[in-house]
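Reviewing the structure listed below.
Derivation of every value follows stated rules applied to the coordinates shown; laboratory data play no part. Everything numeric here is computed off the predicted structure, so don't read it as measured data. Here Cβ is always computed from backbone atoms with ideal geometry, including for glycine, and neighbour counts include all displayed protein chains.
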Amino acid sequence: MKLTSLDIEPALLLWPGLAGAKAQLVNHSENQTFRIDTLDDRCFMLRVHRQGYQSVVSIESELAWLTALQADTDLPVPEPVAGSDGKMLQGFRLRDGTHRLAVLFRYIPGREPTPQSNLAELFGTVGTYAATLHRHAVGWRRPAGFERQSWQAGTILDVDGPWGDWRVAPGVTAQNRRVLDHLDATLWMRLAEYGLGAERYGLIHADMRLGNLLVDGDHLALIDFDDCGFCWFTYDFAAAISFHETNPAIPALKSAWLERYQAVRPLDAQDIASIDSMVMLRRMALLAWIGSHAETELAQLHMPGFADGTAALAERYLRGPIWPG
């Protein structure tokens with residue numbers, strides 16, 4: 001259900017100075033995000049969580065990592081704002097009595113980059129950000145009770161994954177299903193071979209796509225940690241090219257990402273080789289997501305031809321490197 005500014009009025013009472021503020025829906029994807037302009041000319045972003053996706057403990061764990069990143073690094077990431085009771089995570093009821101969870105963040109200026117932007121420079125910066133996040137995650141002592149989801153073959157490829165079942169996604173047919181089944185089985189095997197060693201698997205952002213970047217002049221901010229969780233570190237590159245995996249510019253963007261990433265945190269040959277598997281794992285996650293979120297504009301935008309495109313990319317992956325050379 002798409003919410004309105006009237007629906008979230010009770011939430012605005014939970015933070016000081018927000019009563020009477022103007023609320024405008026700016027994004028409806030996994031959650032719904034509103035821009036909040038206060039009567040005294042301050043600006044915030046309110047994230048209202050989709051029911052049943054993240055638990056209270058999981059959201060509080062995300063906020064704990066964001067707070068640590070603010071304290072320990074110079075990364076431009078969202079800053080959560082405590083409510084009147086001192087808690088960052090707040091609960092409220094819609095007019096129909098439905099309970100929802102919400103988090104308020106300080107406003108970060110900027111616009112989402114487009115495929116026409118200077119993506120080579122941007123992907124270099126994203127590589128630096130990813131490596132910095134991963135280095136922090138490896139050395140950070142997580143608080144007791146920290147809990148985030150794991151993004152593995154099971155949580156993405158199984159029929160009951162959190163983003164749905166790719167087998168029933170729009171565009172999956174008897175013809176392309178054969179190669180997608182082959183891809184599914186191959187990913188299980190190759191990811192098991194790659195393993196879950198601490199040097200290659202840990203806490204990551206998991207959704208560093210263009211839609212979660214904000215460009216303001218020469219400044220690039222990384223937002224939306226709602227999907228952060230435990231996964232392979234190289235998955236963050238795969239997430240960065242979400243929905244654009246077939247773009248001919250991807251090999252150059254991969255090179256830019258790898259160069260800047262490795263200046264902060266070196267990767268070995270197995271790590272670099274794993275990127276193709278991560279790209280296909282992410283593509284299957286997106287295929288499932290499009291099916292389970294068909295009501296969103298983002299899913300509708302990418303739905304036409306996405307299953308066939310995934311199958312074509314899978315055929316390249318199953319033959320050898322997706323991007324030879």
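The figures follow:
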| item | result |
| --- | --- |
| Where the Cα pairs of the range 1-143 fall when distances are cut into 5 Å bins, in % | 2, 8, 16, 19, 18, 16, 10, 7, 2, 0 |
| The chain: relative contact order in percent, alpha carbon pairs under 8 Å with at least 6 residues between | 19 percent |
| For the range 67-209, convex hull of alpha carbons as volume per residue, Å³ | 224 Å³ |
| Value of D in µm² per second that Stokes-Einstein yields for the range 159-302, Kirkwood Rh from Cα pairs, at 20 °C (1.002 mPa s) | 131 µm²/s |
| FRET efficiency, 1/(1 + (r/R0)^6) with R0 25 Å, evaluated for VAL159 and LEU301 via beta carbons | 0.50 |
| Distant alpha-carbon pairs in the chain (separation over 35 angstrom), percent | 20 percent |
| Where a label projected 7 Å from the Cα of ALA294 along Cα→Cβ would reach, residues of the range 165-180 with amide N under 11 Å | 168-172 |
| Viscosity 1.002 mPa s, temperature 20 °C, Stokes-Einstein D of the range 182-265 from Kirkwood C-alpha radius, µm²/s | 148 µm²/s |
| Radius of gyration and maximum dimension Dmax of the range 224-325, Cα, Å | 14.2, 41 |
| Gaussian network model of the chain, springs between alpha carbon atoms under 10 Å - residue of ILE241, ILE156, ILE250 with greatest fluctuation | ILE250 |
| Sequence-distant aspartates and glutamates (8 or more away, or on other chains) whose Cα lies within less than 12 Å of LYS254 | GLU121, ASP236, GLU245, ASP276 |
| Degrees separating the helix 306-319 axis from the principal Cα axis of the chain, which is the longest one | 40 degrees |
| Structure-based [θ]222 nm, the chain - -39500 (n - 2.57) summed over DSSP H runs of at least 4, per residue, nearest 500 | -13000 deg cm²/dmol |
| All aspartates and glutamates inside 15 Å of LYS87 as judged from Cα atoms, apart from same-chain residues fewer than 8 positions distant | GLU60, GLU62, GLU79 |
